[in-house]
Every structure is written in structure tokens, then in C-alpha cells.
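Below is one structure, written out as C-alpha cells; comments come after it.
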2 protein chains.
Amino acid sequence: MTTSKRTMELITNANTRFAMIGGGVIGGGWIARFLLMGFDVTIYDPDPDAKRKVEQVLANARRSMPGLYDYMLPQEGTALFCHSIKDAVSNATWIGESTPERLNLKQSILKEIQIHCSKDAIIASSTSGFKPSQLQNKSINPQQIIVAHPFNPVYLVPLVELVGYSETTDKAASILSKLGMHPLVLRKEIDAHIADRLLEAVWREGLWLINDGIATTTEIDDAIRYGFGLRWAQMGMFETYRIAGGEEGMAHFIEQFGPALKWPWTKLMDVPELSDELVTKIADQSNQQSGDYSINQLEHIRDDNLVSIMRSLKLKDWGAGNLLNTLDLELERNQVNPAEPLSQAKDVLTINRVIPSSWLDYNGHMNDSHYAEVFSKASDIILRRLGADPDYIARGYSYFTVDMKIDYRNECHAGEEISVHTSIKIADGKKLDLYHEMKTATGTLSAKCSQFLLHVDLNSRKSCLPMEPLASALRKVVSS
Amino acid sequence: MTTSKRTMELITNANTRFAMIGGGVIGGGWIARFLLMGFDVTIYDPDPDAKRKVEQVLANARRSMPGLYDYMLPQEGTALFCHSIKDAVSNATWIGESTPERLNLKQSILKEIQIHCSKDAIIASSTSGFKPSQLQNKSINPQQIIVAHPFNPVYLVPLVELVGYSETTDKAASILSKLGMHPLVLRKEIDAHIADRLLEAVWREGLWLINDGIATTTEIDDAIRYGFGLRWAQMGMFETYRIAGGEEGMAHFIEQFGPALKWPWTKLMDVPELSDELVTKIADQSNQQSGDYSINQLEHIRDDNLVSIMRSLKLKDWGAGNLLNTLDLELERNQVNPAEPLSQAKDVLTINRVIPSSWLDYNGHMNDSHYAEVFSKASDIILRRLGADPDYIARGYSYFTVDMKIDYRNECHAGEEISVHTSIKIADGKKLDLYHEMKTATGTLSAKCSQFLLHVDLNSRKSCLPMEPLASALRKVVSS
């Protein structure tokens, strides 16, 4: 049963065939997201080192991205490195372009792509600065060229800005949503789109602060990550300020804060000269700030933190957490066959997932409490399939756990695939006794768990007999 | 035993006596942090509604801040509302000033404060825009006036910018660190300090995007919270870009990204007119974005997410997570008496904490798996006290859980205080059997747990006999 996912349907439109031109950090990030979401990718990059570079990004993605979700992702797709743009794009329906940020280079590559690709394919440039109209310059089929600007690391950060013909961007948005991303379709094209304009403003101000000896890179970063960065991981600037304005509202806030725009707070009128001296100053400060870690170590820390932060937003179903929940529902639908009847006679697959690194403890393995989390989730899935779903709970009935016993048999590690099979031992009136077995992908028994639950009235918080349709479902389980 | 914390030493210098002039959102946030960290606060605000407003902030702080930590905070201090600045400040050693952002008003209040306060007291203005030299204008004792600029919500967001005489800011930094904050001492005074200069740059760019019809408040916020906001909750701008630069380093990154500064990405040269039309446009968009929630609901969502995000950074001991771990160690030292010998004859207090809202599930109570988390943590504390501490683990030895059985007796709710007492049932060679009882502050039994552990060699991952000094400590437990 643990290999059932191997044959499961792709979660997105199986007809999308991805290609990527350019395998740097951004191209590699896209490739990793496509592959881990179960798609094959054809790739072209003239750099002889491209394959190694893509593999490096992919290794980072493999150790972090699957842990975002509470279900297994589809079986990883295959990366096929091609010898020409033609080979890479001729059969593709989505062609990513992630080449260096030089307009004439991009224009000539896009021209080459268009010669060889289907005229219905979406050609999506990762450009952070150029407008679609610049990329489409002299194109024979301009409406197929759009901007799809992602953010590093592409396999974790959900944002992607889409700019271009609305028919094409709408189609692109639908595809990218299914890859767990948040497509932001721009109303009008503009240099640098939206996010990089905001970032550019901060970057410029930061350079001035360093140039003028007001702050170091560490101090600026600390001003961000101990302050507004924490706020912005969940609510943006306007919603944050809406709260600051209180019940009197946003207009009141602007009246208060507005005049500051006239004050000399930012060095608006000038651009700092990127002299060798300033560049060296920044590089030295950055070395002092982060030099204890290699880039790869920093990538791991960043990725583990991102997984943790995004997962922490699941409970409130907020922002990036909502994206994870949405995809989890989709993944669950692919994993569980709701038509398969539950019976006391046989166990069912309840959990099939990868262990996120945030579940490890000081022993370097999955902490004992996360075994309980997995088993608790397995019980939730049985309860939902029996009919104790959100609607039923909203009616004021649910199950509470009375006791749980876990036998730990083997260690589990970050990135490892586990599955849980659950059987219903007792389903008698308000009593429900479940038995779970957790195994790794190779079949090693990781742990066993018995969990006894009672059906309760959520108003009185006392046990009571199950209501319909749950009561009938339980009777079927016993009789089958 | 659950009330032992009631008499515990204050975690910071008990000689600090806090006063606050101004009880708005920021003043109230400061007051909440002082009170919840165990300090009394004397308050002056001429607004007849001030007490209600402070209570409202305090209610938000009480439901979120204690859940940040794995140990109980000290007993909450008392808020004393005074009838004059004189009454509020005459006995204080730290006087906060959180009055409206008008320079002449602040100057006259600071003058009044200085007439009545000790000349050794720190006077800390929350001003977001003014420089200490402006506040100190004509002051008889300028070195005691500093800027201590916090961020909303002050009871959760750790950043505070300190500007002024270095002797005073150093003293202030030491006090604020012990309150769980991250003091950022500025090298030079500058309008709007550091963070608000960065925010101001984003705000201005955002206003242009709305003014020009490029994006709505929702779209700008989404560009932040699905994108760079996630990154900035843990690493700031420079460390993030350091990674983007790869092994070639920061100077390489600047060379690549630098030229963009010359491009017309940001509307630098002008300031959008805050016409009624633009203000209405923003307010309308904001209503559409967040109007389903009241401000208080948004505050709760924001606070729960902040607690979750900050707690998610504990594992890597990173950024705000490092601040939590640091204070937790301090709180643990206050709770646990390391000189108290462990013995089989009696139980010891291992956990005393508040339940964070992020531990709730769809039944509105603490999820069963978090009981396991609490008990697992209780065992960790016993192990550490026996000598299986980080140093011992670094030598290659530890304990693994073999089985865990939890009897759930009563529900636990967010914000509720719980404590766990643990006794050692068996300590025989490599075997360790622990028994935990979890109770609420009123003595209600929440759950019982038996946990059986084996001592292991972390290299072979197999069980083995304990090494010294753990072995001797275990013998003492048995013989005592």
C-alpha cells in the first residue's frame, strides 16, 4: 500500500508538459518545483556545469519541500537535459525562460523558442525587471509570451507575478495554483512588476544607511527580522497598518502617518554611487554577519525556517498556510479513495507523508511527540471518512481522545517517507478504538499506536451516542 | 507546587521601576510587556478613556504573549493609574513616553517629567520620527533622554531601536533584553531611525502603485506575505541576498543587482499627493480586503500567527526563536531548583507553562498530540537534570523513548496554565521509567503519562549502559 501513490493521478492537468531554458538558481528552482509536483521537465542550458547546478537546487528542494505537506507529493518527475532549445521546447506546453537579465539576450532566446514551440504553448519569462511588451518585441505570436516572476527559493516561496495578455496569464495562474503557488496577476505592466519595486525601495534605503555609516548589514537585517519581517510573513503592509489605525479605520491611519511623507526620512532624491569602497564595505559586513555559515548551510537554515513558518500558518488557514491546506486537500483526494468502504475486517491507508525537518529533536530523529501528531492525524482521517467531518462538528458533535499508547520501534528521519495504516478495533455506541501502524517506505515498522476515543456533545462536553449519518456509517463498519 | 512561581524572583533587575506617560496602542503595548514580565507600572494619561484602552491591549497581550514561552512568566505586575505626571514618574527608574507624534508636545512633557523624576532615571521616548537631540532640546539633563522605538504589537514583536547617549542606551539595552526584546542600538541619530526609513520607502512605493492603478492594497499585501515577507521573518534583506549571490559572494550579487538602481523602478523623485480621492481609494480597498474581520479579530489572528511564527523559529534557535530560547532558559532557572536532589521517593515540578493558541484543534481544546509534546518536554527536563544534557549528548549518548501511554482526563484550553510533576519509577541500568501528571492551576488533573526510555549510544543507535556522571546521578536517585 505504501507504493499506492506511485500510480496515483498527477494532481494537475496531466497535459501540461514543462520545459525550462536556463538552469541557474531561478531556473533550477522552477525545475525542482515541477519535478517534485510530479512533472517531467525538458531542460536546455549551454553551461556545461548546468546539470550539477540544477542537481544542487534539487537536493535542497528534496530535503525541504515535501515536508511542507501532510500528504505525499506525486512521484517525482524526470529531468531531461537537451542539446538545443529546439529539443527542449518542441513538445512543451509551458516553456520557462530563466536566462540572464539582458534584454537582447532574452529577446533572441524567445525568438528561438517561438520558432520551435507550439503556438499554443505558454512562454513564461522569469525576468524580474522587463515588461512583457519588451520581451514580445517583434514577436510573431506575442500573446504567448508572459512574465512569470518567481521568488527564491522557487520550490518554497509561493509568490509568482504574472504579467501579459490576460487570457494567457489566467491560464498560467490556473496551472501554477495547482503547483501550490500564489499567482499574482498584474493589471498593468510596469518595470520590475510589484514586489521588486517594493524591494528596490528598501534596498536603496539600505545602501544609504550603510554608505552613511548609520547601520551595518547585520543591523539592517535585525531591524527587519526582529521587527516588520515577522509581521509581513502573515499580513502585508496595508493590513498591518489597518490594525494600527484601530477602529477609526484606514483613512484615519493615513491622516496620522501621511504627513511623514513630507519629512526627510528617506534619501529619495539621489542614488548612492556603487563605488568599490561601498561594495567592499557591504561585502565585509556581510561576511562578518553570516561568514560562519557556507551558502549551503544558510540555504538549509533558510529552507527549514520557511517550512516551519509556512506550516505554522496552517492552523489559522492564513496566507501561505491556506495554500498548504488547499493543496493538502487535493493530495488527500488523490491518496484516499472515499468510495472504499471502511470495515473492521481490514486496515486502510490514513497517512502517507514525508517527515519535515522541523520535527527533529536533539537526537537527530523525529521527536516522540510527532509520532503522536501523526497518529492523531490518522484518527482524524478515519473520523472524517466515517462522517465526523467539519459539517458534523459544526452541528456540535465530535470525538475526544481518552487514551493513547505508542510503542516506538524505529527511528524516523527528516525527508523520510512514512505511511500509517489504521484499523477499527471497536466501534460500539460512543466508543471507538483505533489501531495504527506506522511504516517507512521500505516497510520497516516505525511505531504502533492504540487510540481510544469517545463520541461527545460539544456543548455539554460530555460523551453521547453518535448522530446520523455517523451512526449508520459506524453500523456498516461493524457489519461489513 | 503550581503556585511556586508566585513567589519566584523577578527575572530582571528587581530595582527597575517602570512608568509610562501615554496609554495608547504603543504605550499600552509597553505597559502590557512590563506587567506580564512581572513589573508594576505607574501610568499617566489625561484621556478619561485611557484605562479602558490599556485594558484592551492588555487583554490581547494576556491571550498571546504567555504562550510564546515554555515556562511560566512571573506573576503579572500591577498597573497604577496616576493623576499627574509627577505622581507617575517621581519614584520610577524607567519612564516611557508614548504621547502623540508632535515635537513641541513631547518637549513640554519631557520637561515636566524631568522636573519630577530622578536624574538617574532613563526617559525613553517611543517616537518613531524624532531624534534624541530634538527631544533633548533645552533639557537640563539631556543624557537621560533616549529614544526607545518599539513595534506594534509591543508585547510580541521583539525589536526596539535605541538612540541617544551610549551610556544610557547600553543600560536600556540590558533592561530590555531581559524583557525578551531585541534592542538595536543606533550608531548615529537619524530621522525615523532605521526600520521606519525602510518602511517609509515601501509605503511610498505602495502609495504610488495604488495611485497609478497598478495594484490594490490586497495585491500589494499578497506580494509581501506570499513572497519576501516569509523570507524576512527569519533572515533580513542582506542575508537573503547573500544566498542569492551564491558562493561567489555578496560583491558578486551587488554587481548583478546594482545596475537596477539606475533603472526607473521606483518613483523616487516625487511624492504622491494624499488627495481625498487617494485616501478614499486606499480605505475602500482596505475595507474590501479585510472588512470581514473587526480590528479585534484581526489583532487576534495577527497575534496567534506571530506566536506561531516565532515559536517555529525556536528549533533552529534562529532570530526571534533564539530570543524565546534565551528567555526560556532564564525562566527555567527561576522555576527549577537545580540543587533540589532527584529521588524516587518524590515527584518534581518539570513543566509550568501557558497553553499557546497554536496548540488548539478543531474541538477548541489542546490537541491530544500536544499533551505528548508537554510530557516529552517534561522527560527532557528530568534527563537534563540527571546529567543527560547537551554536553553529554555531544559525547554521543542519549535516551530514546520506547513507549508512551497517555490517559486523557480533562480538556485544556488556550491561555490556561498547566504544570507537570514527574516521578522516576525505575532507574535501573539503561532503563528509565517516568510517570507524569499534568494539572491545571486550579488542581484539576488534565492527563497522566507513563514514559519508558532506554539509554543509547548515538553512534551505534543501540542501547547501552549510562556513562558518568549520569550513572552516578542515577544511583543517587535510587538510593535516596
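Taken together, the values in this text are just the output of simple stated rules run on the coordinates, not laboratory data. Quick caveat, the model's predicted, so the values are computed rather than measured. No Cβ is skipped: glycine too gets one built from the backbone with ideal geometry, and neighbour counts run over all protein chains shown.
Each part reduced to its alpha carbon centroid, segment A:21-57 and segment B:71-148 end up 57 Å apart. Note on segment A:339-479: Rg/Rh from C-alpha atoms, Kirkwood Rh, equals 1.00.
Among A:Ile214, A:Ile254, A:Ile145, a tally of other beta-carbon atoms within 10 Å of each Cβ gives an order, fewest to most, of A:Ile214, A:Ile254, A:Ile145.
For segment B:62-173, the equivalent ellipsoid derived from the alpha-carbon gyration tensor has semi-axes of 26, 17, 14 Å in decreasing order. The alpha-carbon positions of segment B:212-258 define a convex hull whose volume is 88 Å³ per residue. Backbone phi angles across segment B:77-92, fed through the Karplus curve with coefficients 6.51, -1.76 and 1.60 (θ = phi - 60°), yield HN-Hα couplings of x, 10, 8, 10, 7, 9, 8, 7, 4, 3, 4, 6, 9, 4, 9, 8 Hz in residue order; Gly and Pro are listed as x. Place a point 7 Å from the Cα of A:Ser472 along the Cα-to-Cβ direction; which residues of segment A:371-393 have their backbone N under 15 Å from it? Counting backbone N atoms under 15 Å from the label point, the list is A:386-388.
Ignore the peptide's own chain and count Cβ atoms of other chains within 10 Å of each Cβ in B:184-196; give me the average, rounded.
6
Ranking of B:Phe130, A:Phe18 by neighbouring Cβ atoms within 10 Å, starting from the fewest: B:Phe130, A:Phe18. For B:Thr350, nonlocal amide neighbours, meaning residues 5 or more places apart or on other chains whose placed amide H falls under 5 Å from its own, are B:Val420, B:His421, B:Thr422. Ranked from shortest, the separations from the 7 Å Cα-to-Cβ label point of B:Ser463 to its equivalents in the other copies are 3.4 nm.
Based on the Kirkwood radius over alpha-carbon pairs, what value in µm²/s does the Stokes-Einstein equation return for the translational diffusion coefficient of segment A:320-408 at 37 °C and 0.692 mPa s? Estimated diffusion coefficient is 215 µm²/s.
Could you size up the charge dipole of chain B around its Cα centre, putting +1 on the beta carbon of Lys and Arg and -1 on that of Asp and Glu, and report it in debye to the nearest 20?
Around 1500 debye, computed over chain B.
Residues B:Ile140, B:Ile224, B:Ile146, arranged from fewest to most other Cβ atoms within 10 angstrom of their Cβ, appear as B:Ile140, B:Ile146, B:Ile224. Based on the Stokes-Einstein relation at 20 °C and a viscosity of 1.002 mPa s, and on the Kirkwood radius from alpha carbon pairs, the protein assembly as shown is assigned a translational diffusion coefficient of 72 µm²/s. Give, as a single signed number, the net charge of other residues whose beta carbon lies under 10 Å from the beta carbon of A:Leu36, with Lys and Arg counted +1 and Asp and Glu -1. Counting the neighbours of A:Leu36, the net charge comes to +1.
Principal-axis analysis of the Cα atoms of chain A puts helix A:103-116 at an angle of about 60° to the longest axis. Sorted from closest to farthest, the other copies place their A:Asp276 label points 5.9 nm away, with each point set 7 Å from Cα along Cα→Cβ. Mean residue ellipticity, 222 nm, helices only, chain A: the sum of -39500 (n - 2.57) across DSSP H runs of n ≥ 4, divided by residue count and rounded to 500, is -12000 deg cm²/dmol.
For chain A, relative contact order (Cα pairs under 8 Å, six or more residues apart, normalised by length) works out to 13 percent. Near A:Glu97, the amide H atoms lying under 5 Å from its own belong to A:Ile21, A:Ala124, A:Ser125, A:Ser126; only residues 5 or more places off or on other chains count, and H is placed 1.01 Å from N. Using Cα atoms only, what is the angle between the long axis of helix B:166-178 and the major principal axis of chain B, expressed in degrees (0 to 90) to the nearest 10? The angle comes out near 40 degrees. Quick check on my link table: of B:Lys377/B:Lys448; B:Lys314/B:Lys425; B:Lys346/B:Lys425; B:Lys86/B:Lys188; A:Lys119/A:Lys171; A:Lys316/B:Lys316, which ones sit more than 21 Å apart, alpha carbon to alpha carbon? Going by Cα-Cα distance, B:Lys314/B:Lys425; B:Lys86/B:Lys188; A:Lys316/B:Lys316 fall outside the 21 Å limit.
Over the Cα atoms of segment B:4-193, the radius of gyration divided by the Kirkwood radius equals 0.94; this is the Rg/Rh ratio. Computed from the Cβ-Cβ distance with R0 of 41 Å, the FRET efficiency linking A:Glu55 to B:Ser343 stands at 0.15. Helix B:368-386 and the longest principal axis of the C-alpha atoms of chain B enclose an angle of approximately 70°. Spacing of the modelled spin labels on B:Lys138 and B:Lys462, each 7 Å from Cα toward Cβ, amounts to 8.3 nm.
Restricting the calculation to Cα atoms, chain A shows an Rg/Rh of 1.02 when the hydrodynamic-style radius is the Kirkwood one.
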